[in-house]
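In what follows, a structure is listed as structure tokens, so that the remarks can point back to it.
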Amino acid sequence: MTVNYLDPDEFKKYLDDHSHIAKMQSASDFHGEVTNFFHGKTVDVGDGMPFGSMTQMFKFRPGEVSIWTGFSGHGKSLLLGQVMSKFMLQDKKKVAIASMEMKPVTTLNRMVRQYFESSKPSVEELDGWFAALGDVCWIYNHQGVAIPNELIAAMKYSAKDLGVNHFVIDSLLKCGLPEDDLTAQKNFVDQLCSVARDSKMHIHLVCHARKAENEMKIPGKHDIRGSAAISDQVDNVIVVWRNKDEKRPIGEDAIISIEKQRNGEFEGKTLLSYNQAGQSFNEFGNKQWTPF
């Protein structure tokens, strides 16, 4: 089965969305939810990373927005693609990917290589991968700068009409916002938070880190390029950093750092190894990637 493409004509109806009209609700409408919060059973809400130690400590919860940041070339898009593969193939969650920086075939090629940890999967492996994928992967087929309102409409359509659980935007630089207009960036991220909150879809936004004198120091949430309000508004901030020191210990290739988790207690770092042939990451010393 082939990967599906978002049809622009289908989501145009969301360009003038008036869903805000129905947002006023009585407090009594939430009686059951509040009671369940205090007296209900503990529910494991959210989707976990494909790395053992981090699976339970950090969750991608419905209705949240996560920022993926790091220096250019440090693997944030690669790692994000690997996480999306886990959601689709192991958790059977629906994913939509708007990767305006590369063609859909390039995005999928990288995800296939990561899954099989091979630079050239066999025809049989490719057939199996697409068969396992089923109807859970959607692609926003647009390269170059996007129109912000159309991207927002595509997200609403994905959530409401397609039942998408995770929407990836790669990257903020391709969302049609002037780099020097910090207010526009703030307002766009605020829109993302509203869409996520209203639809219960998780939105992943790739943001580049500011250039530094050298790349040996791990950037933080305050190093995101653009408005400082970006990290303030979102729920989670994830930093991906590659250790490019040629003298580094074998296998200690990268770090994934949870810099912010609004609805969880864990903030910290996990060491990752990198497989060059498969362009994939694994927790150092603890292989977690499981075939379908």
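The values are calculated or read from the model by the stated rules, or taken from the named source; none is laboratory data. Not measured: the values here are computed from a predicted model. Here the Cβ positions follow ideal geometry from the backbone for every residue, glycine too, while neighbour counts run over all protein chains shown. These area figures cover heavy atoms from the full protein model, side chains too; ligands, DNA and RNA do not enter into them. Shrake-Rupley method; radii C 1.70, N 1.55, O 1.52, S 1.80 Å.
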Between a residue in region 100-124 that is within 15 Å of Gly278 (Cβ to Cβ) and any residue that is surrounded by fewer than 19 Cβ atoms within 10 Å (Cβ to Cβ) and modelled with pLDDT under 90, which pairs come within a Cβ distance under 9 Å, given they are 6 or more apart or on different chains? Leu108/Val3; Tyr115/Pro291; Tyr115/Phe292; Phe116/Pro291
For region 151-160, check the following and say yes or no: at least one residue is open to solvent by less than 30 Å² (accessible area, probe 1.4 Å), in contact with a helix residue (DSSP H, G or I) (Cβ under 8 Å, 6 or more places away or on another chain) and closer than 29 Å to Tyr274 by Cβ. no
Hey, does region 165-179 have a residue that's touching a Cys at 6+ places or on another chain (Cβ under 6 Å) and surrounded by 15 or more Cβ atoms within 10 Å (Cβ to Cβ)? yes
Residues Phe38, Phe60, Phe71: which one is more than 18 Å from Val168 (Cβ to Cβ) and open to solvent by less than 20 Å² (accessible area, probe 1.4 Å)? Phe71
Can you tell me how many residues within region 200-226 are more than 17 Å from Pro148 (Cβ to Cβ), crowded, with 20+ Cβ neighbours inside 10 Å and either of a type in the set (Asp, Glu) or out of contact with any Ser or Thr (no Cβ under 8 Å at 6 or more places or on another chain) (or both)? 1
For region 227-254, give me each residue that is of a type in the set (A, V, I, L, M, F, W, C) and either open to solvent by less than 30 Å² (accessible area, probe 1.4 Å) or under 17 Å from Gln56 (Cα atoms) (or both). Ala229, Ile230, Val234, Val237, Ile238, Val239, Val240, Trp241, Ala254
